[in-house]
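Q: Here it is, the structure in full.
The values are calculated or read from the model by the stated rules, or taken from the named source; none is laboratory data. Computed from a predicted model, the values in this text were never measured in an experiment. Cβ placement follows ideal geometry from the backbone for every residue including glycine, while neighbour counts extend to all protein chains displayed.
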Amino acid sequence: MTPHEVRYENKEVLRTFLSDCIARAVQVDTDQRLILGLATVERTYDGVEGLPIEIADGDILIVSTILAEAMVSSKDNRWNNVTILVPDTGPSCKRNSDGVVASVSQFILKLYCLSTASYLSSV
């Protein structure tokens, strides 16, 4: 659910996850004070848009950090039975000569679902 494919690479596994939709966090900005003449806002998230209609129990969703934060903080019960992973683009990832992420070697676990664990143990 990212706008681009995610390439995962470690010593044993090489896998590419294609983007099947572009989901976005609904952002709500509230004006705050000026700081040295610079406008500031407080940003919160109010849901998610652009998701596939059917999200099944046990699904594993790979999303951006912002989308994961919006999903985890929302009151939407669709996330109760899914696992949410975020590509780790920190020091462990590989970047090309332009500094663009070429692959990740791990994911950040934002939300874990026991039905996903049951599914994975049966595969």
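Q: Please state which one of V63, V82, V104, V48 is modelled with pLDDT of 95 or more, surrounded by 11 or more Cβ atoms within 10 Å (Cβ to Cβ) and among the hydrophobic types (A, V, I, L, M, F, W, C).
A: The unique qualifying residue is V104.
Q: Also, quick follow-up: Taking the criterion of being surrounded by fewer than 16 Cβ atoms within 10 Å (Cβ to Cβ) and either aromatic (F, W, Y) or in contact with a strand residue (DSSP E or B) (Cβ under 6 Å, 6 or more places away or on another chain) (or both), would at least one residue in the range 19-26 satisfy it?
A: yes
Q: If you check S97 against the conditions, is it at negative phi, modelled with pLDDT under 95 and either not in a strand (DSSP E or B) or not hydrophobic (A, V, I, L, M, F, W, C) (or both)?
A: no
Q: Go through the residues of the range 2-15 one by one and say whether even a single one is within 22 Å of L111 (Cβ to Cβ), in contact (Cβ under 8 Å) with a residue 12 or more places away in the chain, aromatic (F, W, Y) and in contact with an Asp or Glu (Cβ under 9 Å, 6 or more places away or on another chain).
A: no
Q: Those residues that are more than 14 Å from the chain's Cα centre (by Cα), among the aliphatic types (A, V, I, L, M) and under 15 Å from I62 (Cβ atoms), I need them from the range 1-17; list them, please.
A: Result: V13, single match.
Q: Check the range 45-66 and report whether any residue there is among the aliphatic types (A, V, I, L, M), within 23 Å of Y8 (Cα to Cα) and assigned to a helix (DSSP H, G or I).
A: yes
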